[in-house]
Every structure is written in structure tokens, then in C-alpha cells.
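The values are calculated or read from the model by the stated rules, or taken from the named source; none is laboratory data. Just so you know, these numbers come straight off a predicted model, no measurement behind them. All Cβ positions, glycine included, derive from the backbone under ideal geometry; neighbour counts span all protein chains shown.
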Amino acid sequence: MKSYLTESIVKQQLLRLDKIIFEVTDACNLQCKYCGYGKIYNNVDERLNKKMTLDKAIRLLTYFFELWQTNDTSISRNIFISFYGGEPLLNMPFIKNIISFIENTHPQGLVFHYSMTTNAVLLDKYVDYLYNKNIRLLISLDGNKRNNSYRLDKMGNSVFDKIVKNATYLKHKYPKYFNNKVNFNAVLHDRNSVYEINEFIYKQFGKKPSISELNTVGVSPEQKEIFHNMYKSYQSSSIESIHKMSNQEFDTESPLFKEVAEYIFGYSSFVYQDYFELRFGKSKSRIPTGTCLPFSKNLYVTVNGKLLPCEHIGQENPLGYVSDDSVDIEPDFIANFYNRQFEKIENQCVDCKLSSRCTQCIFNFDDFSSSPRCQNHTSDKLFKQYSTFVDSYLRKYPEAYQKIMKDIIYF
């Protein structure tokens, strides 16, 4: 078995971890039909309206406070704490208590920043606290009223008007905060499209939302027909969106301009990620897929104490555990686990046109345990179709290329 990861690499990533996401509660005030924790999926823990305990969260933070202090903290280091659910606003006492704990006890040299993913139904009740603590918000909204019609309350009623009203209230009450700290996330399905989502949220709030597909992993066998009726591919919808937007005027804030910028930064031979890549060339040796190294971006903590790489995957393969009085993380076990999964998929990456900028995660394969098949494998034909749309846009607006190359900073 090839060692893409080693115990040493995992330990290094653990030491560098700078974002912890708490599942504040597994309870929710909505019942979205496609919910990743709902009846369609069978790869997550049962929802029992549990809340994250303060003791468990403090135990984990104390573990990392001690770990981070082994590094030189004389230079300021940013740490990000995020609140997730369920719906995190249903457990505001925890959020307030953990922020208070951090403010009063964190080691010197650490600067904490806070964020939250919310459905915004309770946003009007807590907007002042969120503003005062400068908490970055990601609001879930699938587009216009029809686009958002899978997002319902427990009685089966639409919450679209409430979400738009609360987001608009926040925009008017704290405009600078809204501009700098608030964004939107949409789920793609059969009642919306990349074009419709971008069009509505950009016109309503001046924002380009992040868009995610329905998770194809962990679908219960008896729910597969319902799932497939709802599912829509981001790749095909994005190409359709580019085609529809191709007649728009040149606008650096438009979703199409940003799509083109992302393409150029991802696939242009004139763009390099850093000076090392410019000097020595782009390395052909890389980890298969676009899977994040463990602890390189996030650590997600569930109400049951499972430690996961992020909040967007199933919960069957934790990297460790936390209880009220202990933390269990074994770097050697984690490295071996990842290497076994990479070995199963590495041959499929060789002829994929998107392999150099892949976003596919090993935890999101349909058949994770045995012989996974990458659903995002991209042929020459698909990639050329995507490239043709970008090329036609740049021919129509040559000033866009100059703007992207000279003025846009892309991470």
C-alpha cells in the first residue's frame, strides 16, 4: 500500500488545525425534504434532539489550547470556531457560554473568529448578539419561493417569506455587517438551477451564493427513487447557467464573471498557486482526488462526541472521539485509513481532466467501503464544452481577462 499520508503528516496537520465546528444541537425547527439528516439517508446518527454539552466542548478546546501552546504563540494566530446543527440558534445558551469561555481562558497569541450556518428562521431574535460578536453567517436559501419549496417547517409550511424577511431585516439594520459577514448557501435539486439560484440571491441581496449538490452517499435503498427524482448535477447545471448568462453585460460582480475567474485560476497555464510552483513547475505528484488532508481545514464535533473531517460527510468513519473528560485521536490509525481509501481510487484519477483541481472527497463516494466509482470523472468532451463557453465569454469581453489577471486575488 502506497503511503500518501504518514503518522508524522497527520500530527503536523493536527498541530496546524485552525477551525473547529461544533454541532451545537441535532435538533432543527425545519423538516427539509432532502435533509442530510432526514429519512433519505442512513449514514448519520439518529436525531434525538440532543444538545452539545459545555463540558465536552471545553474538554476539546482545552486539548487544543495545550497543543497550540507547543507552537510559538508570540505571533498572532487566527482560530475559527463555527456553530452548526441541526439549527444552532436553537441552542443559543451553549453558543454564548462557549464564546464566553474562550474570551476568558484562551492562550495568549490566539485570535478567535466565529461563524454559523443557519436557516435564519430565528435570526430576528438574536441578530444583535450575532452582530456584537461579529459572527460570520451562512444563510441557507435555495433561490426564489419555488426553488425553496423543499425547505419546510415541521407542519409542512413554507419558510421562504420568513427567511427573506429576516435576512432583509439584518441587511437594513446592520448594512456593513451584512456586506462583510453574511453569505448564502443553496442546495441544488430538481426545483432550482445554478442560474436561478444565482439570479435570485444576487438580485435580492447582492451576493453570489455557494451551491452544493445533494449528497449521493448514504441514501437508503427504499428512498433511492425519491432521491433520484430530486437530484441534479452541479456540473451540467453550471454549464447550462454559463450558457444562459452568456448574453449578460460585463460585470465584475456577476456570477458568470466569477465562474470565468475560477476557471482561469484553476486551469490556465499562466496562473501558479505560489512562487515555488512558478520556479520549479507544477508538481504531477499529488494525493488522489481532492480530499482534504485530515485536520487541514476543519474538525467537526458531533453531539455524540465523534470527531470528523468536516460536516458534509457521513458519520460512520470518525477520526476520533471526545467525551466530557477525554480526547481520543490516533494519528497512525488515521494515516492508514486514508491510504487504504486512496488506493481504491488512484487509477481513476489518471485520465480525468479535472484531476489537477479536483474537489471530490473520498468520504463522498457511492461505494466507500469496497470499489468506489467517481461520479465527477470528467472526459475530454465535457471539459471542452466547459472551455468553449469560457472562451466565447472572453472573446466577447476581452477586458474581463485583463481584469482577472491584474486585479483579482484568488485563494
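Would you be able to say whether some residue in the range 292-312 is more than 19 Å from residue 16 (Cα to Cα), outside any loop (DSSP other than H, G, I, E, B) and out of contact with any helix residue (DSSP H, G or I) (no Cβ under 7 Å at 6 or more places or on another chain)? Within the range 292-312, one or more residues are more than 19 Å from residue 16 (Cα to Cα), outside any loop (DSSP other than H, G, I, E, B) and out of contact with any helix residue (DSSP H, G or I) (no Cβ under 7 Å at 6 or more places or on another chain). Report whether or not residue 376 is under 23 Å from residue 264 (Cβ atoms) and either of a type in the set (Ser, Thr, Tyr) or surrounded by 12 or more Cβ atoms within 10 Å (Cβ to Cβ) (or both). Spelling it out, residue 376 is indeed under 23 Å from residue 264 (Cβ atoms) and either of a type in the set (Ser, Thr, Tyr) or surrounded by 12 or more Cβ atoms within 10 Å (Cβ to Cβ) (or both). Listed here are the strands (runs of 3 or more DSSP E) enclosed by the range 120-232 that have at least 2 residues being crowded, with 18+ Cβ neighbours inside 10 Å and on the phi < 0 side of the Ramachandran plot: 136-140, 182-188. Being touching a Leu at 6+ places or on another chain (Cβ under 7 Å) and more than 22 Å from residue 37 (Cα to Cα) is a condition met by no residue of the range 346-366. Are any of the residues in the range 331-347 assigned to a loop (DSSP other than H, G, I, E, B) and either in contact (Cβ under 8 Å) with a residue 40 or more places away in the chain or surrounded by fewer than 18 Cβ atoms within 10 Å (Cβ to Cβ) (or both)? The answer is no; no qualifying residue exists. When the residues of the range 361-405 are filtered to those that are modelled with pLDDT of 85 or more and in a loop (DSSP other than H, G, I, E, B), which remaining residue is farthest from the chain's Cα centre (by Cα)? The extreme case among them is 397.
Among the residues of the range 80-95, how many are assigned to a strand (DSSP E or B) and crowded, with 20+ Cβ neighbours inside 10 Å? The number of residues fulfilling the criteria is 4.
Checking every residue in the range 102-110 against the condition of being at pLDDT below 95, more than 30 Å from residue 38 (Cα to Cα) and among the aliphatic types (A, V, I, L, M) gives at least one match.
Looking at the range 96-119, is at least one residue closer than 19 Å to residue 212 by Cα and either in a loop (DSSP other than H, G, I, E, B) or of a type in the set (Asp, Glu) (or both)? Yes, that holds for at least one residue. Inspection of the range 59-67 identifies no residue that is in contact with a strand residue (DSSP E or B) (Cβ under 8 Å, 6 or more places away or on another chain) and farther than 21 Å from residue 110 by Cα.
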